[in-house]
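The values are calculated or read from the model by the stated rules, or taken from the named source; none is laboratory data. This one's a predicted model, so the numbers in the text were calculated from it and none came from an experiment. Glycine also receives a Cβ, built like all others from the backbone with ideal geometry; neighbour counts cover every protein chain displayed. When the accessible area is computed, the model is the full protein with side chains, heavy atoms only, and any ligands, DNA or RNA have been set aside. Shrake-Rupley method; radii C 1.70, N 1.55, O 1.52, S 1.80 Å.
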Amino acid sequence: MISIVFSFTERHQSYKHCTDGLQDEFDDWTWMLVEFTRLIAMLFLRLFSFYEFPSFQYRHVSLCMSGHDALILCGGLAQKILGIFTKANLEPSPSHSCIYPDETAKEHKDLALQKDVTWKHRLVAALLICHCGLQMFLPYSHFITKGYNNWTKGLYGYSWDMMVHSWDTILVVVKVVDNNSGREFFVDSEAWILNDRWNKHADMCVQYAQCLQRNLLSDTEKEPEDSPSHGLSKYITSDNISIYIDVWCSLNKRFQQRMYDPNYDLLKANWSPFRSVEWLLPVLTEYNDFRTTMYEISQEVYSWSNRSDVLFIADFPGLYLENFIDKDLDNVTLTVLEGEVVYEIEDPDTMQSLGVKLGKGDSIPVEVGYFHKIHTVSSVPSRYMYTFTRDEKAEQEEPAEGRNVMYSPFPLIEDVQDRLQAFLRMWKYIGDSFLYVVFGRPYYIRPPIKAP
């Protein structure tokens, strides 16, 4: 069963914000190369850093960038600060590893300074040139490592445009099928995982599927046969299972669409770092120009009421979306924007499926509280949208704790405390992993229990 929650996550960054910031950073750092424009450029850079400080999760980057400004403006600042705490001579002295002109070598005859280039200097220069060349080549090397490419090139943090794109994921479905019994069941996509970054990368999806297989089969083997609940043994009868993943997301405010083939068994994935991902579905770039129309439709829907909303979806021919509409939504309408679809819903009285074929411009009300399927039957990808209104009573019944939130007057102090706790937690996880590798079973480092 697939259920889409109609909620749109607030993005910390948008496409326009990131591209404008990239251009500002490039222009300002160009000005930093000239001494008489360095102070002005630094002012603009810090304004941009403080502007993005409350928006991005990695706030320490902005703080570090602001802290090194003084070192750029005052070359001897670090030396002056160290001079406060020590009386040692901090003046730079000649080194035997450097090359000096004849005048400097004559001034320090007793040190026998180097005047000619040696093989060590050539080796260091060659290594530096190779390192710089490698760093310049890596962002454009994705034509070699094709297995790590998806809708964007390379892994996260490994490409120059990683901060330019915005992602909006509304659904991740993990389906496990017991091939012996034919039964299928669904697993929480957050099980045995700490974040949702994995579902945007095909290689990580394969790793997650393998991890899920190990954990499921391990839990099944440990379940005693005489257990009254039988745990997972009610679903998995053997190790002959298949795992399928269906990810729905939007890249840079496009339609919500599938990212992978939902009928591809990831446990049998033919993945290689040097071959393109064969179960990756292409992003529907032919609908890029429709984003302006999507914005206009959204503004019109928002003008209906304060609780009205819209969701745009695109799907490939031969596939279908199975969806459940919660009773908290009213006036749910399906409208086809392009292609042809079949709206299928099961009659609760006769337990038979009823289908209605819809073409471009057709609309149909959607029953709430029931599952329905939308089959794409046209030869081209379909585009459709849901318009709906959130129930006012459901919003009023929200717990008071969610509305009356007390915010700290010192958010920076809380942020530092959270990061310190995360740092300590990181070392705890490292220690737990080390014990697991050494002893072959999970051991956890816990604080000592104090006697009463």
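Within the set of pairs 6 or more residues apart or between chains, which connect a residue that is within 7 Å of G147 (Cα to Cα) inside the range 267-283 to a residue that is open to solvent by 80 Å² or more (accessible area, probe 1.4 Å) and not in a loop (DSSP other than H, G, I, E, B) with Cβ atoms less than 8 Å apart? Listed pairs, sorted by first residue: P273/K146; F274/K146; R275/K146; S276/K146; V277/K146. Where helices (runs of 4 or more DSSP H) fall wholly inside the range 371-442, the ranges with 1 or more residues that are at pLDDT 70 or above are 411-439. Among residues of the range 104-118 that are assigned to a helix (DSSP H, G or I), those with a beta-carbon under 6 Å from a residue that is surrounded by 11 or more Cβ atoms within 10 Å (Cβ to Cβ) at least six positions away or on a different chain give the pairs A105/L113; A105/K115; L111/P94. For the range 332-345, the criterion of a residue being out of contact with any Lys or Arg (no Cβ under 7 Å at 6 or more places or on another chain) and open to solvent by 80 Å² or more (accessible area, probe 1.4 Å) is satisfied by no position. Of A88, A70, all but one fail to be modelled with pLDDT under 75, in a loop (DSSP other than H, G, I, E, B) and touching a Leu at 6+ places or on another chain (Cβ under 9 Å); the exception is A88. Please work out which residue is surrounded by the most Cβ atoms within 10 Å (Cβ to Cβ), limiting yourself to the range 77-100 and to residues that are within 19 Å of R122 (Cβ to Cβ) and either of a type outside the set (S, T, N, Q) or touching a residue at least 24 places away in the same chain (Cβ under 8 Å) (or both). The residue in question is Y100.
When Y156 is tested against (1) closer than 19 Å to S272 by Cα; (2) modelled with pLDDT of 85 or more; (3) not β-branched (V, I, T), exactly one condition is not met: (2). Among the residues of the range 235-266, the ones that are out of contact with any helix residue (DSSP H, G or I) (no Cβ under 8 Å at 6 or more places or on another chain), surrounded by fewer than 19 Cβ atoms within 10 Å (Cβ to Cβ) and of a type in the set (S, T, N, Q) come to 4 in all. Each residue in the range 297-313 was checked for being open to solvent by less than 70 Å² (accessible area, probe 1.4 Å) and either within 23 Å of G369 (Cα to Cα) or of a type in the set (K, R) (or both), and 8 of them qualify. Taking residues in the range 120-149 that are free of Cβ contacts under 8 Å to residues at least 24 places away in the same chain, and partners anywhere that are among the charged types (D, E, K, R) and not in a helix (DSSP H, G or I), the pairs with Cβ atoms closer than 6 Å and at least 6 places apart or on different chains are H142/K153.
Against the numbered list (1) part of a helix (DSSP H, G or I); (2) in contact (Cβ under 8 Å) with a residue 24 or more places away in the chain, T152 comes up short only at (1).
So which residues in the range 172-192 are within 23 Å of C249 (Cβ to Cβ) and open to solvent by less than 60 Å² (accessible area, probe 1.4 Å), if there are any at all? Answer for the range 172-192, where residues must be within 23 Å of C249 (Cβ to Cβ) and open to solvent by less than 60 Å² (accessible area, probe 1.4 Å): V172, V173, V174, K175, V176, V187, S189, A191. Which residue pairs have Cβ atoms closer than 7 Å, lie 6 or more positions apart in sequence or on different chains, and pair a first residue in the range 177-206 that is under 19 Å from S218 (Cα atoms) with a second residue that is of a type in the set (D, E, K, R) and modelled with pLDDT under 90? From residues that are under 19 Å from S218 (Cα atoms), the pairs are V177/E184. Every condition in (1) open to solvent by 70 Å² or more (accessible area, probe 1.4 Å); (2) part of a loop (DSSP other than H, G, I, E, B) is met by K357 except one, and the failing one is (2). Every condition in (1) modelled with pLDDT under 75; (2) in a helix (DSSP H, G or I); (3) in contact with a helix residue (DSSP H, G or I) (Cβ under 7 Å, 6 or more places away or on another chain) holds for M42 except the one numbered (1).
Among the residues of the range 312-339, those identified as over 25 Å from Q299 (Cα atoms), assigned to a loop (DSSP other than H, G, I, E, B) and not hydrophobic (A, V, I, L, M, F, W, C) are P317, G318. Return yes or no: is D289 outside any loop (DSSP other than H, G, I, E, B) and open to solvent by 60 Å² or more (accessible area, probe 1.4 Å)? So D289 passes the test. G133 passes every criterion in (1) open to solvent by 100 Å² or more (accessible area, probe 1.4 Å); (2) over 26 Å from A78 (Cβ atoms) apart from (1).
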